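Here, each number is a calculation from the coordinates, and none is a lab measurement. Source: prediction; values computed, not measured. Cβ placement follows ideal geometry from the backbone for every residue including glycine, while neighbour counts extend to all protein chains displayed.
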Amino acid sequence: MKDLSLRTTTIYYLVTTITLLVTLLSIFFPLFINTYGTLISIILIIGIGIPHGATDNIVFNYLSEQNICIACQIRFYLTYIFSALIYAIFWYLSPSFSLIAFIIISIYHLGQSNLYYLSLPKNKILEASIYSFWGLFVVFAPIISNSQEVIAILENFLSRDWIINLEHKEYFLVFIIILNSIILGLLFLFEYATKQEMFREILNLFVLGLLFYTTPLMISFGVYFGLWHSLGSTFDQIQFIRKYNSKFNFVDFYLKSIPLTLISILVFVAFYLFFFYFNYQPFQKTSLIIGLFFINLAAITLPHTIIRDKLYVR
């Protein structure tokens, strides 16, 4: 398998075309996207989103350069599970603090996974800031654009005092797109990015901005998380593993991801059943179901981000 990435021309055009298609469907055929969009998002999350994190153990093996080490595997799983449990406990004790922590970690992780390939300044603070400005866009653009949906979700877990209903959401989108465009322009000016890289990332801002602004929360999240973040991360992992195993390919990746993908799905289902059984909540409450999904996602974000950070800084 030749080296691929989200920036490979064919893949990039395919992902961009699908994103624009979903955007157009949301604008001109909202009934269709509201009927089938959630199903498409679930397919993307289960088919690409979960598997991209279900190989963290394999990445850890190669990062530690100990491919066969039972003790290392046990330590890895214990650390992964322990950190997830700690977060779950914190969410129960202080949901507002846990939400803020999740947002901060996600901002850095999503920005890094998108811009790590650029030849950024060798300054940790400046590098993290550049990542974070991009992360601010992909985290807050869908939140602000779907503020009523987000409020309905947060009301299940937070006091109304913590919930802010922002108006004029389009101003934020324009501001954050312009800010990131200026940063990309400066990176090009100081030769940290090529002209092609600069224009591609600016185009990405507008394509994703349209998606977030026009599409319901879970649908825009599914498209971004599945196609832009997880698919790109999957290619990055394959590229990394191929340094040690030149024959490793997309099929190998999915076969390796199956065990933890199935375990993750089973844990999610068990968590849902446990929650609804002991809290006597109506299972039909969509906002609560979505909220619980994001709590599950947040629980594994910290260990996943740590592993990916080690991968990207190599």
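In loop segments of the range 210-262 as defined by DSSP, the chymotrypsin sites (Phe, Trp or Tyr not before Pro) with at most 11 further C-beta atoms inside 10 Å of their C-beta are Tyr244. Going toward the positive end of the dipole of the chain, with +1 on Lys and Arg Cβ and -1 on Asp and Glu Cβ, which of His229, Ala152, Ala298 do you reach last? Comparing the listed Cα positions along the dipole, His229 ranks first.
Length gained on full extension, Thr194 to Phe97, computed as 0.36 nm times the residue gap minus the Cα-Cα distance: 31.0 nm.
Packing here is the average count of other Cβ atoms within 10 Å per residue, and on that basis the peptides 21-27, 185-191, highest first, run 21-27, 185-191. For the pair Val269 and Gln73, a Förster radius of 25 Å applied to the C-beta separation gives a FRET efficiency near 0.50, rounded to the nearest 0.05.
Net charge dipole, the chain: roughly 620 debye, given to the nearest 20, about the Cα centre with Cβ charges of +1 for Lys and Arg and -1 for Asp and Glu. Only lysine pairs 8 or more places apart or on separate chains count here, and in the chain those with Cα atoms under 18 Å apart total 7.
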